[in-house]
Every structure is written in structure tokens, then in C-alpha cells.
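Each remark here refers to the structure printed beneath this line.
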Amino acid sequence: MNKRLLILTIIFEAVLIVSCERITPKVPADDQILDGPIEGLSPAEKTRFLAGDAAFNDEIFTRETGLGSVFVATSCGSCHAGDGKGTLFTSLTRFGQTDATGNKFLHLGGPQLQNRALPGYVPETIPAGATFSRFTPPSNTRFFLQIAGKRR
Ligand code: HEC
């Protein structure tokens, strides 16, 4: 490699590193993370928070722990990944709500579509004639902050 090319390569890499640092956000400080516990919890409350947080993110439901026969997902975190917002691929579908008179499709599985089923069972489908909407999972931190707001 000639000298000029080497210098150009070094400059190019330096520019690349500096630009990446600008684009990639730094890891936020602990007190800036929205999915952590709120301030002022007692040790017992913190323990409960951690147990709930672990269950929310890591617990995978099975037939043995109550999943089915029809279902939408096997864990909370599969839709609210990292306590955050979901995507179009992790949406919920609700059907059958027409007006204030209520939902005429409750006997057919409404309002929430359970589009998956354990082996040997039939997943639900939207009944003919039922209106439906898709909901994208919101971030759960907002919800926890609402609770925190009410506590004060
Ligand atoms: C299939 C995807 C899916 C799964 C699995 C799921 N959620 Fe959700 N979640 C949603 C959607 C979609 C909404 C918004 C519903 C609405 O707007 O009516 C929501 C809303 C919420 C909210 C309200 C948030 C707010 O800001 O109002 C909470 C809390 C919540 N989910 C907790 C859970 C917990 C706990 C579990 C596990 C037991 C879970 N979710 C599993 C999709 C999911």
C-alpha cells in the first residue's frame, strides 16, 4: 500500500468513527431509563418490581402454565419488546364492536382475536360481517409513569 493511500484510509476511518459516535446515541444514565423502577420504592416494592419486570420480559407461557387453547402470543415481551412499542407484526386485532349497543360477536370469541392455537385446536378468525381494528402495542413505560403520577 503506498503512503498516500494509507493516509487517506486513516483519515477516512477517523471520519467514520467520529460520524458513528454522533449517530449512535450513548447509553442513558440509570435515572434516565424509563423502564426502570420509579424513585422512592421501598426494598419490598423494588423486589416486586423486579419480579414483575422479569416476568413481563422473560416468562414464556405454555399449556402447563395456562396458555391456550387459543391465544395471541406466549409472552408480554413478544409484543412490548424491551417494555417498548410494538410493530405492525405484533398488533392485536379486536372485532365486533359496532356502536353503543355493544358487541354482537362475543359468543364467537370477540372482542379480541386469538389468532393462534395449541396443536389440535382451531385459531379464531374474524367472523363474517364483523367490524375490526388493529392496535399497535404502546410502550409500557408510559403506563407505569401514569401509575407513578397517580401515586403522588
Ligand atoms: C399480541 C400483542 C400483545 C401482547 C402479547 C401483550 N400486549 Fe399489552 N398491549 C398490546 C396492545 C395492542 C395494546 C394497546 C391496546 C389498546 O390500545 O386498546 C396493549 C396495551 C397494554 C398496556 C396499556 C399501556 C398504556 O400505555 O395504556 C399494558 C399495561 C399492557 N399492554 C401490558 C401487557 C402485559 C402485562 C402483557 C402480558 C401479560 C401484555 N401487555 C401482552 C399488545 C400486546
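At q = 0.23 Å⁻¹ the log10 of I(q)/I(0) for the range 41-151 amounts to -1.24, computed by Debye summation with a single uniform scatterer per C-alpha, solvent ignored. Of the solvent-accessible surface of the range 41-151, computed with a 1.4 Å probe over protein heavy atoms with every protein chain present, carbon and sulfur atoms account for 61 percent. The heavy atoms of Glu124 present about 40 square angstrom of accessible area, all protein chains included, probe 1.4 Å. Partner aspartates and glutamates whose Cα lies under 18 Å from the Cα of Lys26, excluding those fewer than 8 positions away in the same chain, are identified as Asp35.
Once the Cβ-Cβ distance of Ala54 and Tyr121 is raised to the sixth power relative to R0 = 30 Å, the FRET efficiency obtained is 0.55.
The values are calculated or read from the model by the stated rules, or taken from the named source; none is laboratory data. Because the structure is predicted, anything quoted here is derived from the model rather than measured. As a convention, Cβ positions derive from the backbone with ideal geometry for all residues, glycine included, and neighbour counts pool all protein chains shown. Heavy atoms of the whole protein, side chains included, go into the accessibility calculation; ligands, DNA and RNA do not. Shrake-Rupley method; radii C 1.70, N 1.55, O 1.52, S 1.80 Å.
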